[in-house]
Amino acid sequence: MTRPLEGRRVVLGVTGGIAAYKAIELCRRLVDAGAFVSPVLTDGALRFVGKTTFDALASEPVRTSLFDDPDPIPHTRLGQGADLVVVAPATARLLADYASGRSHDLLTATLLATRAPVVVAPAMHTEMWEHPAVQDNVATLARRGVVIVPPEEGRLAGGDVGAGRLADPGAIAQVVETVLAAGGGAAADDLAGLRVLVTAGGTRERIDAVRVISNRSSGKQGYAIAAEAAARGAHVTLVTTVDRPVPPGVAEVVAVESAADMQAAVVPRAVDQDVVVMAAAVADFRPAAPADRKLKKHEGPPVIELEPTHDFLVDLGRDKPAGQVLVGFAAETDDVLANARDKLARKGLDLIVANDVGAPGVGFEHDTNQVVVVSASGIDQDVPLSDKRAVARAVIDAVVEHRAQVADRSVLPAAPPDLRQTPKETHP
Ligand code: CTP
């Protein structure tokens with residue numbers, strides 16, 4: 001069996017949070033995948049987990065201080081020798097120190113000294129994670145190319161439920177692998193100065209005052225694309241039907257519900273965009289005459305007449321400004337590629353991301369996806385089953401590649417100045 005991290009040198013930073021125990025599992029996974037793992041535990045981490053455990057698992061010596069090493073300059077050596085640095089869990093304090101360039105222990109010194117890609121997996125209580133100061137620090141790091149593995153929603157140490165739980169060690173290990181496989185490239189700044197609009201989630205079409213018809217889209221893939229585009233420097237507008245944590249660095253979030261709302265939010269904004277990614281699962285039909293009141297059970301089962309929604313992706317394709325890259329999605333269960341190619345041509349798209357939603361682990365509600373990125377130029381790129389952030393990276397890579405091809409053939413509008421700004425929430 002090939003080991004994907006064979007011979008790669010990974011510094012594993014562990015900071016002081018309850019989730020530090022999960023870093024033990026991450027360490028084991030990285031070692032099993034063939035990496036040389038050098039754990040660096042902060043004083044805080046040592047209050048939660050023991051050095052001995054990492055000593056037993058890691059291939060390299062465990063370090064806990066700037067001064068416990070015979071090497072007089074371990075902080076620069078470790079960082080310089082690493083192929084990648086991963087911090088899991090990362091506390092709010094670590095994020096603040098790293099974002100502001102403060103070096104007060106071996107881990108922060110290593111982070112400042114390294115030129116290797118850095119992956120950071122934060123974990124903390126929901127209120128802390130959502131605090132603007134923490135989000136600003138995360139956005140700053142993402143903008144500098146640090147790959148952020150966002151915390152998951154779930155049960156936290158205090159017993160309450162919310163966003164803040166450390167991502168699964170398997171998912172973090174997979175991100176480490178993906179970043180190293182991509183040549184180490186943590187987010188490049190290759191979308192700096194570009195405007196990217198991404199739609200996410202399934203639309204909800206009203207039956208009556210309380211009931212809707214919808215679909216199983218979770219919005220995870222759209223959010224991952226928005227996160228990837230923001231991390232690569234774009235000014236990102238996210239038009240969404242779902243209420244998930246806003247990815248770091250996303251400039252504008254527009255909350256919508258129905259296909260008509262989404263159309264009203266997307267179409268006027270699309271003319272100013274360099275890239276539009278329609279990852280949302282937009283309803284094809286809606287109730288023709290939704291009731292304003294709640295239909296009562298004693299009135300018997302309603303007969304709901306459906307009417308088609310307007311396919312506004314067709315409008316976007318027809319009215320596409322010069323140089324814009326328009327990306328559609330095709331969720332299919334049969335003849336995936338043929339249907340995707342047909343949609344690409346029919347809707348005037350540059351790229352279409354096709355997924356076989358009948359296959360295990362693929363598409364709706366899953367954290368993983370397996371797609372083919374089909375291009376109008378006839379080149380297809382298979383993306384094997386990966387977490388949705390890795391798929392997002394492949395989609396954005398295809399967008400960048402498409403822009404480069406078009407630029408070779410013609411003249412693209414020059415990138416405007418950097419448009420990134422702090423997140424704000426608007427409603428159409
Ligand atoms: N889409 C849209 N507006 C709609 C329906 C779909 O903009 N009313 C967009 C979706 O966001 C997606 C793409 O169109 O990017 C593919 O949608 P899909 O409904 O699968 O395409 P159809 O042409 O309707 O194909 P099918 O025959 O599978 O229904």
When DSSP beta bridges are limited to those with both residues in the range 9-181, what percentage is antiparallel, rounded to the nearest 5? 20 percent
Cβ-Cβ FRET estimate between D32 and R318, R0 fixed at 45 Å, reported to 0.05: 0.30
Everything considered on the Cα gyration tensor (a ≥ b ≥ c; rounded for a/c under 1.5, else prolate if a/b is larger than b/c, else oblate), the range 195-426 must be described as prolate
Excluding ligands and nucleic acids, what accessible area in Å² is computed for S38 using a 1.4 Å probe, to the nearest 10? 20 Å²
Sum of -39500 (n - 2.57) over DSSP H runs of 4+, divided by residues of the chain (222 nm, nearest 500): -10000 deg cm²/dmol
So if I average 1/r over every pair of distinct C-alpha atoms in the chain and take the inverse, what Kirkwood radius in Å does that give? 22.8 Å
With every protein chain kept in place and a 1.4 Å probe, the chain has an accessible area per residue in Å² of 45 Å²
At a 1.4 Å probe radius, carbon and sulfur cover how many percent of the accessible area of the chain? 53 percent
Relative to the longest principal axis of the C-alpha atoms of the chain, give the angle of the C-alpha long axis of helix 132-143, reported between 0 and 90° and rounded to the nearest 10°. 90 degrees
Tensor-based shape of the range 9-181 (alpha-carbon gyration tensor, a/c under 1.5 rounded, otherwise prolate or oblate): rounded
Beta bridges by DSSP in the range 195-426, antiparallel share as percent, to the nearest 5: 35 percent
Taking the range 82-129 as the region of interest, what is the percent of Cα-Cα pairs per 10 angstrom bin, listed from the shortest bin to the one with the maximum distance? 26, 57, 16, 1
Report, in degrees rounded to the nearest 10, the 0 to 90 angle that the Cα long axis of helix 259-270 makes with the longest principal axis of the chain. 70 degrees
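When you count, for each residue, the other Cβ atoms within 10 Å and take the mean per peptide, how do 295-307, 344-356 rank with the highest first? Mind dumping the intermediate values first?
Working: 295-307: 9.6, 344-356: 21.2.
Sorting 295-307, 344-356 by mean packing, highest first, produces 344-356, 295-307.
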Once Lys and Arg get +1 and Asp and Glu get -1 on their Cβ, which of N137, T53, A181 lies farthest toward the positive end of the dipole of the range 9-181? A181
Round to a whole angstrom and tell me the spacing of the C-alpha centers of the range 76-101 and the range 139-208. 18 Å
Listed residues R293, R143, R232; largest mean-square fluctuation, Gaussian network over the chain with Cα springs below 10 Å, found at R293
Quick one: accessible surface of R144, probe radius 1.4 Å, all protein chains present, in square angstrom to the nearest 10. 150 Å²
Amide H contacts under 5 Å for S38, restricted to residues at least 5 apart in sequence or on another chain and with H modeled in the peptide plane, are V10, V11, L12
Pick from N137, N369, N339: which residue has the top mean-square fluctuation in a GNM of the chain where Cα pairs under 10 Å get a spring? N339
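In the chain, what percentage of the DSSP-assigned beta bridges are antiparallel, given to the nearest 5?
Roughly 30 percent of the DSSP beta bridges within the chain come out antiparallel.
About its Cα centre, what dipole magnitude does the range 316-367 give when the only charges are +1 on Lys and Arg Cβ and -1 on Asp and Glu Cβ, stated in debye to the nearest 20?
Its charge dipole is roughly 420 debye.
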Note down the nm distance, to one decimal, between modelled labels 7 Å out along Cα→Cβ at D272 and at A376. 2.4 nm
Whole-percent pair-distance distribution, where bins are 10 Å wide, for the alpha carbons of the range 1-73: 21, 51, 24, 4
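Any of K320/K388; K220/K297; K22/K220 with alpha carbons more than 25 Å apart? Name them for me.
K320/K388; K220/K297
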How far is helix 336-346 tilted, in degrees, relative to the longest principal axis of the Cα atoms in the chain, given as a value from 0 to 90 rounded to the nearest 10? 60 degrees
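The values are calculated or read from the model by the stated rules, or taken from the named source; none is laboratory data. This one's a predicted model, so the numbers in the text were calculated from it and none came from an experiment. For neighbour counting, all protein chains shown are included, and Cβ atoms are generated from backbone atoms with ideal geometry for every residue, glycine included. These accessible areas exclude ligands, DNA and RNA; they are computed on the full protein's heavy atoms, side chains included. Shrake-Rupley method; radii C 1.70, N 1.55, O 1.52, S 1.80 Å.
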